[in-house]
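The values are calculated or read from the model by the stated rules, or taken from the named source; none is laboratory data. Predicted, not measured: the structure shown is a model, and the values here were computed from it. A quick note on method: Cβ atoms are made from the backbone with ideal geometry, for glycine too, and the neighbour counts reach across all protein chains shown. SASA here: full protein model, heavy atoms, side chains in, ligands and nucleic acids out. Shrake-Rupley method; radii C 1.70, N 1.55, O 1.52, S 1.80 Å.
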There are 2 protein chains.
Amino acid sequence: MIGKNWRTLLRRGDGYFQLCILLLIVLEMAGVALGDPLPSWNEGPAKQAVVGFVRTVTDKSGPQYVPPEKRIATFDNDGTLWAEQPIPFQGFFTFDRVKALAPQHPEWKEKQPFKAILENDMKALAASGEKGAMEIIMTTHAAMTTEEFEKIVKDWLATAKHPRFKRPFTDLIYQPMLELLAYLRENGFKTYIVSGGGVEFMRPWTEKVYSIPPEQVVGSSVKLKLEMRDGKPVLMRLPEIDFIDDGPGKPVGIQKFIGRRPIAAFGNSDGDLQMLQWTAAGEGPRLMLLVHHTDAEREWAYDPRSSIQRFDKALDEAQRRSWTVVDMKKDWKKVFPF
Amino acid sequence: MIGKNWRTLLRRGDGYFQLCILLLIVLEMAGVALGDPLPSWNEGPAKQAVVGFVRTVTDKSGPQYVPPEKRIATFDNDGTLWAEQPIPFQGFFTFDRVKALAPQHPEWKEKQPFKAILENDMKALAASGEKGAMEIIMTTHAAMTTEEFEKIVKDWLATAKHPRFKRPFTDLIYQPMLELLAYLRENGFKTYIVSGGGVEFMRPWTEKVYSIPPEQVVGSSVKLKLEMRDGKPVLMRLPEIDFIDDGPGKPVGIQKFIGRRPIAAFGNSDGDLQMLQWTAAGEGPRLMLLVHHTDAEREWAYDPRSSIQRFDKALDEAQRRSWTVVDMKKDWKKVFPF
């Protein structure tokens, strides 16, 4: 459709000028398709909700305009920006660390929960419970400097492969979410990760993979302590939890680290419910979006009520409050970038 | 001085063109003076160090170029961005809160340390020690929601006046530091506050006063807890310290909240020493700057060795390691914006 302004321009002017105008019209019409900011999203209510929200808050003359400094968007990571099956990927990192450290700990061959990991006995590992999990995390994630830990994470990511896809874990990111992150940033949003995962497990790679800089990553953490080593200050990672950024911890993490309430929040499990509730409770336009894993073929399909990543409470609330739910199978043209 | 390129241009072209070029030259020469990014700084080693550092790290063809995402600058607040005499301004806020709450607590008339504040007895207050201070802070800063606390801070700032200058506390900010913040930001730096003060005491006003948004303020904090109130989520401020962002806590706060080492750090007391050491210990060009309060007339002059805000260790280290020390009386043309 050629707009009124174009028609007025076409009526005026000489042949050369008219040619230029026609060229512009063609480019503009092509741009409607080429310029789709979310090409991996199928048309449908989820995509409409996202685009409609962004148009609403950026429309300066509209009643629901939000100034750029308040355009804060928070994203869960595991299952929202990258995959999380068969276990969250930090779990693979942790198991590989136990195996790498095992030669220095011959006693682990007979000591749970380490024995379970060395023998790939997931049943025995589960039986060790939260206490066992904490012991493993502290053994593999603490008692080293922040710089040493960063190097271990980077080295692991450079070589570790996902068992199903035989690819680096950072390949298993969602193409539609990459487009969404870029689209929000182009519209003046500051995009944050707010994840239950370890903050220092994520920061070494989020800038390269998601264009999210370390200072915009909020996560769980161990306590840090400043020490002098050979006359140089280092930060030691202590074997003690500082903060768990999950469930009711997510609004706390948002307030601690960002100090502003998001206007858009993205998650995929009950651990994100409070973040979405906190976002929804603010005044003005809001976007709450949940990714529902429904695609066993291209990714995974999980039952909201029985998988490790419980999702039933969040899904119920989404339906009750008309939050946006992405049906991965239906709404995404493409899942991974590869 | 007219550069070679200008002369080449002047030799060419017609009269009208030459006139335009001459006009550009005049504007450029005027700009040398008008465009001084630090007009409230006297010429001298401190100003030279700042300008030289910024030129070095932004010179794309130079050997010490730093990409914009790594240009992190951290500023102490009390005594570095705004004044801190006769006591840090959060102290005035705290005393005023005790007085405002006193009618609900008749027992305070006889109970230390509250009695000391109600009677303006600073000696008795000092005698109550750290335990007394903590009791006062918890009584005045906790057991309310984050939104309630924000409102209390804003209301206080709108009416409270500094006893010496009879002006709002947010008037007692340093004009040269405002220029420095703006100059760094124009050169691609992200400017952060890293202060021992309460993070939620600062965030309500730092954006307006320093153009530093809440998410770039790191400070001390109490624990937060998500609760439901009338079906709406709120964050309660608990009477329990979460984090002390001072001394060895500053590098910890930087790592926790920013996750990158600064390349420039600004302070004024021994509580900033570790932040400057942490900054200095990174690779590549670095700027460490300390403000020395030497101006009793326009601001205050404090003895590094005997004032409450001890400064002798940091000053010794600055001299030993050739960090930049601003002599307020000599280096600053103007102290406050008013």
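Among the listed residues B:M288, B:M202, which satisfies the condition of being over 30 Å from B:T56 (Cβ atoms), at pLDDT 95 or above and either touching a Ser or Thr at 6+ places or on another chain (Cβ under 7 Å) or β-branched (V, I, T) (or both)?
On the way: B:M288 fails: over 30 Å from B:T56 (Cβ atoms).
Of the residues listed, the single one that is over 30 Å from B:T56 (Cβ atoms), at pLDDT 95 or above and either touching a Ser or Thr at 6+ places or on another chain (Cβ under 7 Å) or β-branched (V, I, T) (or both) is B:M202.
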### Query
Could you say whether any residue in the range B:47-63 is more than 14 Å from every other protein chain (Cβ to nearest Cβ), within 23 Å of the chain's Cα centre (by Cα) and open to solvent by 70 Å² or more (accessible area, probe 1.4 Å)?
yes
### Query
Which condition number does A:G197 fail, the rest of (1) touching a residue at least 60 places away in the same chain (Cβ under 8 Å); (2) small (G, A, S); (3) surrounded by fewer than 18 Cβ atoms within 10 Å (Cβ to Cβ) being met?
(3)
### Task
Check B:E135, B:E148 and return the single one that is open to solvent by 20 Å² or more (accessible area, probe 1.4 Å) and within 14 Å of chain A (Cβ to nearest Cβ).
B:E148
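Of everything in the range B:225-249, what is under 30 Å from B:T324 (Cβ atoms) and more than 10 Å from chain A (Cβ to nearest Cβ)? Give them in sequence order. Show your work before the answer.
So the first thing to find is which residues in the range B:225-249 are under 30 Å from B:T324 (Cβ atoms), and the list is B:243-249.
Result: B:I244, B:D245, B:D246.
Which of the residues that make up the range A:250-266 are within 7 Å of chain B (Cβ to nearest Cβ), touching a helix residue (DSSP H, G or I) at 6+ places or on another chain (Cβ under 7 Å) and not polar (S, T, N, Q)?
A:P251, A:F257, A:I258, A:G259, A:R260, listed by residue number.
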### Message
Which numbered condition in (1) surrounded by fewer than 18 Cβ atoms within 10 Å (Cβ to Cβ); (2) at pLDDT 95 or above is the only one that A:D230 fails?
### Response
(2)
### Summary
A:N120 meets each of (1) over 24 Å from the mean Cα position of the chain (by Cα); (2) open to solvent by less than 70 Å² (accessible area, probe 1.4 Å) with one exception, condition (2)
### Message
Quick test of your reading of the structure: B:F189 fulfils all but one of (1) closer than 22 Å to B:V66 by Cβ; (2) touching a Leu at 6+ places or on another chain (Cβ under 8 Å). Name the failing condition by number.
### Response
(2)
### Query
Among the residues of the range A:292-312, is any on the phi < 0 side of the Ramachandran plot, within 14 Å of chain B (Cβ to nearest Cβ) and surrounded by 16 or more Cβ atoms within 10 Å (Cβ to Cβ)?
no
### Task
Could you list all residues from the range B:241-254 that are open to solvent by 20 Å² or more (accessible area, probe 1.4 Å) and under 19 Å from A:I254 (Cβ atoms)?
B:D242, B:F243
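Can you tell me which residue among B:D155, B:D96, B:D121 is under 21 Å from B:V209 (Cα atoms) and of a type in the set (D, E, K, R)?
So the residue among B:D155, B:D96, B:D121 that is under 21 Å from B:V209 (Cα atoms) and of a type in the set (D, E, K, R) is B:D155.
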### Query
Just wondering, is there one or more residues in the range A:255-278 that are buried (at least 24 other Cβ atoms within 10 Å of the Cβ), among the β-branched types (V, I, T) and on the phi < 0 side of the Ramachandran plot?
no
## Note on the structure
If you go through B:T80, B:T140, B:T146, the only one that is closer than 30 Å to A:G259 by Cα and touching a Ser or Thr at 6+ places or on another chain (Cβ under 8 Å) is B:T140
### Task
Report yes if A:T146 is closer than 30 Å to A:P67 by Cβ and modelled with pLDDT of 95 or more, otherwise no.
no
### Residues (of a type in the set (D, E, K, R) and open to solvent by 40 Å² or more (accessible area, probe 1.4 Å)) located in the range A:64-108
A:E69, A:K70, A:D96, A:R97, A:K99, A:E107
### Query
How about the range A:279-291: which of its residues are more than 12 Å from chain B (Cβ to nearest Cβ) and either surrounded by 23 or more Cβ atoms within 10 Å (Cβ to Cβ) or among the acidic types (D, E) (or both)?
A:L287, A:M288, A:L289, A:L290, A:V291
### Task
Go through A:L178, A:L238, A:L184 for me and flag whichever is open to solvent by less than 20 Å² (accessible area, probe 1.4 Å) and out of contact with any helix residue (DSSP H, G or I) (no Cβ under 6 Å at 6 or more places or on another chain).
A:L184
### Query
So how many residues does the range B:208-263 have that are hydrophobic (A, V, I, L, M, F, W, C), closer than 20 Å to B:T146 by Cα and assigned to a loop (DSSP other than H, G, I, E, B)?
2
### Summary
When every residue in the range B:181-201 that is in a helix (DSSP H, G or I) and more than 22 Å from B:D270 (Cβ to Cβ) is compared, the one farthest from the other protein chains (Cβ to nearest Cβ) is B:Y183
### Query
Across the range A:202-224, which residue is surrounded by the fewest Cβ atoms within 10 Å (Cβ to Cβ) among those that are more than 16 Å from the chain's Cα centre (by Cα) and either touching a residue at least 40 places away in the same chain (Cβ under 8 Å) or more than 7 Å from every other protein chain (Cβ to nearest Cβ) (or both)?
A:K223
### Query
B:R167 fails exactly one of the following numbered conditions: (1) open to solvent by less than 40 Å² (accessible area, probe 1.4 Å); (2) more than 13 Å from chain A (Cβ to nearest Cβ). What is the number of that condition?
(1)
### Message
Just to be sure before I move on: is A:F114 surrounded by 16 or more Cβ atoms within 10 Å (Cβ to Cβ) and either under 29 Å from the mean Cα position of the chain (by Cα) or in contact (Cβ under 8 Å) with a residue 60 or more places away in the chain (or both) in the structure I sent?
### Response
no
